[in-house]
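Taking it in order: structure first as structure tokens, then the write-up.
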Amino acid sequence: MNTHALESTAQKMVADGKGLIAIDESIGTCNKRFAKWDIPQTEETRRQYRELLVATPGLGESISGAILFDETIRQRTSNGTPFAEALVDEGIIPGIKVDIGAKPLAACPGEKVTEGLDGLRARLGDYIQMGARFAKWRAVFSIGDGTPSYACIEANAHALARYAALCQEAGLVPVVEPEVLMEGAHTLETCREVTEHVLRTVFRKLCDQRVRLEGLIVKPNMVLPGLTCPTQETVDKVADATVRCLLHVVPAAVPGVTFLSGGQSGELASARLNAMNVRFKSQLPWELAFSFGRAIQQPALEIWHGEQANTKAAQQAIYHRAACNKAARRGEYDAVIDHDETALFRAASDVYAGSFR
Ligand code: 13P
């Protein structure tokens, strides 16, 4: 294992106030999101959409790395450049999702375990050849009556650690994603307890499997009340609970924490990340960054609508959301400006003619 190269890649992924963009939706998830906007669900439209994202002018100003899906890393832009190469040309590190999805966990009704360890060593070798330098694996945990169970936490944490060790052996930085889902009526405090327990177990298993903490990125959920919880806490309370939880369980050797957005709106995800950096940046041992999917892509997908004519406006929305999150990392995000500009881009999708900044 070239530990120097691993650590250097991990540090670059969270350097300069930048973060990751997740564009690794599986074919099924991508199609589901397209269906909502009546966008044809074909390999070619998925390619066009991913090209729109990757080719956003100036994306590398705020984005350090992009997580691709297996289909995308094998595709090319319309001028014939492989996606991974197009990213490198923009100064963005290519990454790849390597799990094959969360499947029902035997004996644990309603719970899931993420699969994909079989044959993973060979697949990682292929992805390195295709240009990937980091790899993501997502495990999911739902809060409910008696869940997440001990069995679910142990099984997923073990799989995360096995995948992370294989990644480091291959020279890929693992992006370890244990996601406590937002669905449910649980309180902020319950989410904090569960998230802390899950992360503590994950780090224990990572150490058991001899994963080098300096050469990985952790991608957790923010600590949030459930979507149907009657008490929806303020941005500052969410920031406090999230950072307090992470400080308890994420070792200082880890270079960066990159949050998933999990279905939060882009504006709220930026505001919460901003509050964490405003209140705690100087006290943190790791970088506090982002690895958002929906919270960066959502407005752009809506604007694009599958129409080539809307590409520029959609790219402007992507650029804007990425820049907002870079500002949030510095604690300089302005929610009022964001709100006005986001509304402007949506309106512009009908009559877009402006120049690209
Ligand atoms: P969201 O930000 O939409 O949750 O996506 C992040 C991700 O990579 C999910 O695996």
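Before moving on, here are some points about what is shown:
- Test for L52: is it closer than 20 Å to R321 by Cα and within 16 Å of the ligand (Cβ to nearest atom): no
- Residue count for the range 237-277, restricted to those that are surrounded by fewer than 16 Cβ atoms within 10 Å (Cβ to Cβ), within 25 Å of I337 (Cβ to Cβ) and among the hydrophobic types (A, V, I, L, M, F, W, C): 0.
- Scope the range 28-42; condition surrounded by 12 or more Cβ atoms within 10 Å (Cβ to Cβ) and in a helix (DSSP H, G or I); matching residues: T29, C30, N31, K32, R33, F34
Here's the yes/no breakdown for (1) in contact with a Pro (Cβ under 9 Å, 6 or more places away or on another chain); (2) hydrophobic (A, V, I, L, M, F, W, C); (3) part of a helix (DSSP H, G or I); (4) in contact (Cβ under 8 Å) with a residue 40 or more places away in the chain:
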{"residue": "A185", "(1), (2), (3), (4)": "yes, yes, no, yes"}
{"residue": "E189", "(1), (2), (3), (4)": "yes, no, yes, yes"}
{"residue": "T201", "(1), (2), (3), (4)": "yes, no, yes, yes"}
{"residue": "Q232", "(1), (2), (3), (4)": "yes, no, no, no"}
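- L181 vs. criteria modelled with pLDDT of 95 or more and in contact with a Gly (Cβ under 9 Å, 6 or more places away or on another chain): yes
- Per-region count, the range 1-28, residues in contact with a Leu (Cβ under 7 Å, 6 or more places away or on another chain) and at positive phi: 0
- Test: residue in the range 17-30 that is among the hydroxyl-bearing types (S, T, Y) and more than 18 Å from the chain's Cα centre (by Cα): no
- Of all residue pairs spaced 6 or more apart or on separate chains, those with beta-carbon atoms under 8 Å, a first member in the range 29-50 that is at positive phi and a second member that is of a type in the set (G, A, S) and part of a loop (DSSP other than H, G, I, E, B) are D38/G306.
- Restricting the range 57-78 to residues that are over 25 Å from H320 (Cβ atoms) and not β-branched (V, I, T), the residue that is nearest to the chain's Cα centre (by Cα): D70
- Looking across G131, G110, G125, one residue alone is away from the ligand (no atom under 16 Å from the Cβ), part of a loop (DSSP other than H, G, I, E, B) and under 25 Å from P255 (Cα atoms). It is G131.
- In summary, L160 fulfils each of the numbered conditions (1) over 18 Å from the mean Cα position of the chain (by Cα); (2) closer than 19 Å to W286 by Cβ; (3) outside any loop (DSSP other than H, G, I, E, B) with the single exception of condition (1).
- Identity of the residue in the range 204-220, hydrophobic (A, V, I, L, M, F, W, C) and free of Cβ contacts under 8 Å to residues at least 60 places away in the same chain, that ends up farthest from the ligand (Cβ to nearest atom): C207
- The number of residues in the range 203-214 being in contact with a Cys (Cβ under 9 Å, 6 or more places away or on another chain) and either surrounded by 21 or more Cβ atoms within 10 Å (Cβ to Cβ) or assigned to a loop (DSSP other than H, G, I, E, B) (or both) comes to 1.
- Against the criterion of being more than 20 Å from the chain's Cα centre (by Cα) and part of a helix (DSSP H, G or I), N277 does not qualify.
- Some residue of the range 16-27 being in contact with a Gly (Cβ under 9 Å, 6 or more places away or on another chain), within 16 Å of the ligand (Cβ to nearest atom), part of a helix (DSSP H, G or I) and at pLDDT 95 or above: no
- Residue selected from the range 89-114 under the condition in contact (Cβ under 8 Å) with a residue 40 or more places away in the chain and acidic (D, E), by the criterion surrounded by the fewest Cβ atoms within 10 Å (Cβ to Cβ): D99
- Restricting the range 238-268 to residues that are outside any helix (DSSP H, G or I) and within 18 Å of T190 (Cβ to Cβ) leaves a set whose member that is nearest to the ligand (Cβ to nearest atom) is G262.
- Residue in the range 319-339 that is β-branched (V, I, T) and either on the phi > 0 side of the Ramachandran plot or in contact (Cβ under 8 Å) with a residue 24 or more places away in the chain (or both) present: no
- From the options A271, A289, A317, residue that is within 16 Å of the ligand (Cβ to nearest atom), of a type outside the set (S, T, Y) and either modelled with pLDDT under 95 or farther than 30 Å from F203 by Cα (or both): A317
- Subset tally (residues that are buried (at least 24 other Cβ atoms within 10 Å of the Cβ), more than 8 Å from the ligand (Cβ to nearest atom) and within 19 Å of the chain's Cα centre (by Cα)) for the range 292-306: 2
The values are calculated or read from the model by the stated rules, or taken from the named source; none is laboratory data. Just so you know, these numbers come straight off a predicted model, no measurement behind them. Note that each Cβ is placed from the backbone with ideal geometry, even for glycine, and that neighbours are counted across all protein chains shown.
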